[in-house]
Amino acid sequence: QADLVESGGGLAQPGGSLRLSCSASGFALDKYAIAWFRQAPGKEREEILCISSGDVASYYADVKERFTISRGNDKNTVYLQMNNLKEADTAIYYCAARTAVGVCGSFDFLFDVWGQGTQVTVSS
């Protein structure tokens, strides 16, 4: 069974940094497009960033100057580096894989394998 597991969430102060990890069991992440989504309290889930199988990053939220997505050397981990965090970044963060093709997309229904999410809270 293919699974994704997020880790690295927690409490950060405004202006601080966190690095989230997305790890896979049961399949290799490097073949697929991997995206990070987030859902803030009372808001709809939104896609933040995606990395294609060719390691091209796509941004879907206004985080380009603060967040970056990358793959680990092991090819089975995808990272979300978040810098200069704001209280508005507080949300549950999910990673998701699009296993049909390695191209990123801007709709959550394109992604068929999801993690359980990790909570990120930004507060002073």
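The values are calculated or read from the model by the stated rules, or taken from the named source; none is laboratory data. Keep in mind it's a predicted model, so treat the numbers as computed, not measured. As a convention, Cβ positions derive from the backbone with ideal geometry for all residues, glycine included, and neighbour counts pool all protein chains shown. Note: accessible area is taken over every heavy atom of the protein model, side chains too, but ligands, DNA and RNA are not part of it. Shrake-Rupley method; radii C 1.70, N 1.55, O 1.52, S 1.80 Å.
Are there any pairs, at least 6 apart or on different chains, whose C-beta atoms fall under 8 Å, with the first in segment 2-21 and at pLDDT below 95 and the second outside any strand (DSSP E or B) and among the hydroxyl-bearing types (Ser, Thr, Tyr), and if so, which?
Here the result reads 2/99, each pair linking segment 2-21 to a residue that is outside any strand (DSSP E or B) and among the hydroxyl-bearing types (Ser, Thr, Tyr).
Could you give every pair whose Cβ atoms fall below 6 Å, whose first residue belongs to segment 53-71 and is touching a residue at least 24 places away in the same chain (Cβ under 8 Å), and whose second residue is charged (D, E, K, R) and open to solvent by less than 60 Å² (accessible area, probe 1.4 Å), counting only separations of at least 6 or pairs across chains?
Qualifying pairs under 6 Å: 60/47.
Listed here are the residues, each with its yes/no results for (1) in contact with a strand residue (DSSP E or B) (Cβ under 8 Å, 6 or more places away or on another chain); (2) among the hydrophobic types (A, V, I, L, M, F, W, C); (3) modelled with pLDDT of 95 or more.
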site: 29; (1), (2), (3): yes, yes, no
site: 36; (1), (2), (3): yes, yes, yes
site: 45; (1), (2), (3): yes, no, yes
site: 48; (1), (2), (3): yes, yes, yes
site: 65; (1), (2), (3): no, no, no
site: 74; (1), (2), (3): no, no, no
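Could you tell me which of the residues 70, 53 is in contact with a helix residue (DSSP H, G or I) (Cβ under 9 Å, 6 or more places away or on another chain), open to solvent by less than 60 Å² (accessible area, probe 1.4 Å) and small (Gly, Ala, Ser)? Give the steps one after another, and end with the answer.
Working: 70 fails: in contact with a helix residue (DSSP H, G or I) (Cβ under 9 Å, 6 or more places away or on another chain).
Every option except 53 fails the conditions.
Check segment 23-31 and report whether any residue there is surrounded by 14 or more Cβ atoms within 10 Å (Cβ to Cβ), basic (Lys, Arg) and under 22 Å from residue 103 (Cβ atoms).
No, because not a single residue in segment 23-31 is surrounded by 14 or more Cβ atoms within 10 Å (Cβ to Cβ), basic (Lys, Arg) and under 22 Å from residue 103 (Cβ atoms).
Could you identify the single residue in 16, 10 that is closer than 14 Å to residue 92 by Cβ and either aliphatic (A, V, I, L, M) or touching a strand residue (DSSP E or B) at 6+ places or on another chain (Cβ under 8 Å) (or both)?
It is 10.
Looking at segment 60-70 only, could you name the residues that are of a type outside the set (A, V, I, L, M) and either under 11 Å from the mean Cα position of the chain (by Cα) or more than 20 Å from residue 113 (Cα to Cα) (or both)? Write out each step before concluding.
Looking only at segment 60-70, we keep the residues that are of a type outside the set (A, V, I, L, M), and these are 60, 62, 64-68, 70.
Of everything in segment 60-70, those that are of a type outside the set (A, V, I, L, M) and either under 11 Å from the mean Cα position of the chain (by Cα) or more than 20 Å from residue 113 (Cα to Cα) (or both) turn out to be 62, 64, 65, 66, 67, 68, 70.
Go through segment 93-112 and report how many residues are open to solvent by less than 20 Å² (accessible area, probe 1.4 Å) and part of a strand (DSSP E or B).
Here the count works out to 4.
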